[in-house]
Each structure stands twice: as C-alpha cells, then as structure tokens.
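Student: The following block contains the structure, expressed as structure tokens.
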C-alpha cells in the first residue's frame, strides 16, 4: 500500500507545533512513523489574555510560521494535513480575521476548535488507551497556555470531557477568574466522588519536560510527591537560575511552574496519586485522527485537507 505523509499543526496559546508523520494509508490502526517535529514559541496568548487581541507583531510571526510550514510540508511531500487553533485564537477578538487573512495568503485551511473538541480528538484518535487501566477510571489531563482539558476514561469509553480557562499564560498574567477556579474545583470534587480516579495521564510540553527532569521514561509513573518536590524546587528558584540549573529555555522556564501547579491541583482535588506521562499531545491525536477519519466514506468528521490542492 502507498505510503502517505500527513502533517498536523497545533496553533496553541504558548507555541505552534507541527508534527509530520508517515502512515501506510489513511485508515484505523495504521502504523505511524514520526518524520519531523517543530515547535515555534509564538505565544499568541501573551497578547490575548491581557489585551483581548493578537498584536500586529505576533500576527506577523503567525503568518511567517504558517508560511514556513507550507515550505516544510512541500519539502516532506505531505499528502494531507490538519491545522487546529485553540484557546488563544478562540478568545482573540481579531482571531477569525487573522485566520482568514493567513488562509488567503498561504492557501492553508485553519480551524478554530473548542476545548471539548480538543479532548474529543485525543479520545477518538485513541492516543492514550495504552496507558489507561481498563478496570479503573483514569483522568487524561492536558495543560496548555490558555486552557486545561480533563477527560474521564474507563475501558476505552469516554465518560465525560470538560475544558477550563485555566492555563499557564493565563496564570502568569493573573487573569484566571475566581469563578473559573471554583468551577474547576467543583468539577474535580464531583469526579473524586463519582469515579475515584487513581491516576492521571498527563500531557503537554511542561509535563513532558518534568518527566525528563525526573528521569522518567515514556509511560513510566511519577508519584504526586515527586512532582510536588520538583514544583517546590522550581518555584523557589529565580527565573534565570531555573534556566541554568535545569537547562530550561526561556520559553519553558516561566510556564513550567504554573503548569505543575495545575497538575498538582487536579491530583489533590481528584484524589489521584500518580501521573503517567506518555509524551503525546494534540498533534499526535490529530495524526491518528487523520488515519481514523481520512476516508471520504468515514463522514463523522470531514477528511483531512489535501496538501496537493495548495498551489
């Protein structure tokens, strides 16, 4: 069967991520081989969560990033792609206009998706089933710059999914509302009573970095105590010393602290005692999603756009 190359782009609040993978045809259970991964720290949320708009400077950065991805996809001879914009673009007053102008300039189709859609893509793509015990309820928690997605899963069944406007950049800007914290707290208290989860399957760049700092191999468990100790150490270090001691780049050294705070809050409120960190994220889910829903006959979601249609 002909090898297909697919590309997924996650236009997040903190960074834009691109994953290019080779698959043996578009269909369920096809093997996936990663070819390239690129992360550009555009930080759209730094503007949006303080001013409500994306600045001219970051609009230009976004256009440059999308133009670069067009060239990258040509270089890798990509067949199909999907681009999803999340929390910052959802909240930006000028987000839809920016998407339209960049689409006209590049020919790319870019979708703004909801937080619940983010969760559904990850679940439908079966991204984390290998890490969940089928006999107990697990919480899949993805912490981003603008939002946190929480999915309750048992035996490959999605029990419920919620998105909260609690993210690392929002916390740094101190714009998470008391009402949203209360909503998150009430949700977690109910989940603790209803499902009694024992583990969190954690995703996001910050928790992946934490796993590396804790020397946890892919999918290995980290205890809440281990994560708490790392959080306390990082929180008590000045920004520059975090970069030096832990070899963090400037775009990770600030956001990793609020990210760990969110994960630990979810664990404490839900009663979960351990973290599984499989090092997957939305782009991985998008690639698997294209494999699952690539055929025109599979109409639950539209097929991924063909990159061949871009002049």
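The values are calculated or read from the model by the stated rules, or taken from the named source; none is laboratory data. This is a predicted model, so every value here is computed, not measured. Here Cβ is always computed from backbone atoms with ideal geometry, including for glycine, and neighbour counts include all displayed protein chains.
Student: If you check residue 63 against the conditions, is it buried (at least 17 other Cβ atoms within 10 Å of the Cβ), at pLDDT 95 or above, on the phi < 0 side of the Ramachandran plot and in the same structural domain as residue 13 (by TED's automatic domain parsing)?
Tutor: no
Student: Among 165, 174, which is the only one that is out of contact with any helix residue (DSSP H, G or I) (no Cβ under 9 Å at 6 or more places or on another chain) and at pLDDT 95 or above?
Tutor: After applying the criteria, what remains is 174.
Student: Name the residues in region 197-241 that are in contact (Cβ under 8 Å) with a residue 60 or more places away in the chain and either in a loop (DSSP other than H, G, I, E, B) or surrounded by fewer than 15 Cβ atoms within 10 Å (Cβ to Cβ) (or both), would you?
Tutor: Result: 197, 198, 204, 216, 218, 219.
Student: Given (1) at pLDDT 95 or above; (2) more than 22 Å from the chain's Cα centre (by Cα); (3) buried (at least 16 other Cβ atoms within 10 Å of the Cβ), where does residue 57 come up short, assuming only one miss?
Tutor: In the conditions (1) at pLDDT 95 or above; (2) more than 22 Å from the chain's Cα centre (by Cα); (3) buried (at least 16 other Cβ atoms within 10 Å of the Cβ), residue 57 misses (3) alone.
Student: Now a separate question. Only one of (1) over 15 Å from the mean Cα position of the chain (by Cα); (2) modelled with pLDDT under 95 fails for residue 82. Which number is that?
Tutor: (1)
Student: Let me ask another. Which of the numbered conditions does residue 129 fail, given that it passes all the others? Conditions: (1) surrounded by fewer than 22 Cβ atoms within 10 Å (Cβ to Cβ); (2) within 24 Å of residue 252 (Cβ to Cβ).
Tutor: (2)
Student: How many residues are within 24 Å of residue 5 (Cβ to Cβ) and over 22 Å from the mean Cα position of the chain (by Cα) when one looks only at region 60-77?
Tutor: Counting residues in region 60-77 that are within 24 Å of residue 5 (Cβ to Cβ) and over 22 Å from the mean Cα position of the chain (by Cα) gives 5.
Student: Mind listing just one residue for me: the one in region 252-266 that is under 17 Å from residue 46 (Cα atoms) and touching a strand residue (DSSP E or B) at 6+ places or on another chain (Cβ under 9 Å) and, of those, surrounded by the most Cβ atoms within 10 Å (Cβ to Cβ)?
Tutor: 259
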